[in-house]
Amino acid sequence: KDENLSKEKQQEYIAILDQKSQRLKILIEDLFEASKAASGNMELITEEIDVVALMKQTLGELEEKINRSNLQFKINMPEEKVICNLDGRRTYRIFENLIGNALKYSAPYSRVYIDIQAGEEVSIIFKNMSAYEMNFTAEEITERFKRGDESRHTEGSGLGLAIAKSLTELQDGRLEIFIDGDLFKVIVKFKGII
C-alpha cells in the first residue's frame, strides 16, 4: 500500500501475495476434500481398475517432479494386471498424495520404494527415509493438519495423509502407517478381484 515503494519492491510483494494466495487456494481445496471424504459424503464411481496401470499413470504424471528431486524411486510391480473394484479418480488421489509426501519429506539423496503385492488382498506399499525427526505416532500423523514440527516450513496443507486415509476407507480399504526410527512406511490395502 506504500506508494513510495520502488517498482522492484512492489513486484516482490506482489509475487509473495500471489504465492500465499495460491497456497491458501490449495489449503481450502484440500480441506473441502478432506471434509467430504471423512464425512462419507462423496460419490464414488467404482469399476474394475488395474492398480498397476493406475500407479504407472500416477508416476508418469508426477515424472517431472520426481526427476527434479534428488530422490531415487525403486518401483516393484507385477507384470500382469492387478484388478480391484475402485474409484479411479479417488485412488489416483491416494497415490498422488502418498508420492507427494515422499517427495516433500524424504531425506535428500535417499530412495523411495513403491511395491504392489497382489493376492486376495492387494497391498500398495510406500517406504521412504524421513528428512525430519518423526516426533509423532502413526495415529497422530493421519489427523488433519498434523505434521512433524521440523517439516513446518515445507509446502503442503498437512491434510495429505488424512485425505488418503479417508479415501481408502471410503472404498472399503485400509491405510496402515508404520514408523521405525527414520523409516516411514504406508501400506494401502484393497480387496483384490482374482
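Restricted to the range 122-155, and to residues there that are open to solvent by 80 Å² or more (accessible area, probe 1.4 Å) and among the acidic types (D, E), the residue that is modelled with the highest pLDDT is E133. When Y92, Y113 are checked against the criterion of being among the aromatic types (F, W, Y) and over 22 Å from S166 (Cβ atoms), a single residue qualifies: Y113. Restricting attention to the range 93-120, the residues that are closer than 16 Å to Q171 by Cα and at pLDDT 95 or above total 1.
Within the bounds of the range 50-59, is there any residue that is assigned to a helix (DSSP H, G or I), touching a residue at least 40 places away in the same chain (Cβ under 8 Å) and either open to solvent by 40 Å² or more (accessible area, probe 1.4 Å) or more than 24 Å from A162 (Cα to Cα) (or both)? The answer is no, given that none of the residues of the range 50-59 is assigned to a helix (DSSP H, G or I), touching a residue at least 40 places away in the same chain (Cβ under 8 Å) and either open to solvent by 40 Å² or more (accessible area, probe 1.4 Å) or more than 24 Å from A162 (Cα to Cα) (or both).
Scanning the range 84-114 for residues that are assigned to a strand (DSSP E or B), closer than 29 Å to T46 by Cα and open to solvent by 40 Å² or more (accessible area, probe 1.4 Å) yields a count of 2. Do the conditions hold for R68, that is, is it open to solvent by 40 Å² or more (accessible area, probe 1.4 Å) and at pLDDT 95 or above? Yes. For the range 171-194, which residues satisfy the criterion of being open to solvent by 20 Å² or more (accessible area, probe 1.4 Å), at pLDDT 90 or above and in contact with a Gly (Cβ under 9 Å, 6 or more places away or on another chain)? Listed by number, the residues that qualify are K189, K191.
The values are calculated or read from the model by the stated rules, or taken from the named source; none is laboratory data. If you're wondering where the values come from, they're calculated on a predicted model, not measured in any experiment. Cβ atoms come from the backbone with ideal geometry, glycine included; neighbour counts cover every protein chain shown. To get the accessible areas, we keep the full protein, side chains included, count just its heavy atoms, and leave off ligands, DNA and RNA. Shrake-Rupley method; radii C 1.70, N 1.55, O 1.52, S 1.80 Å.
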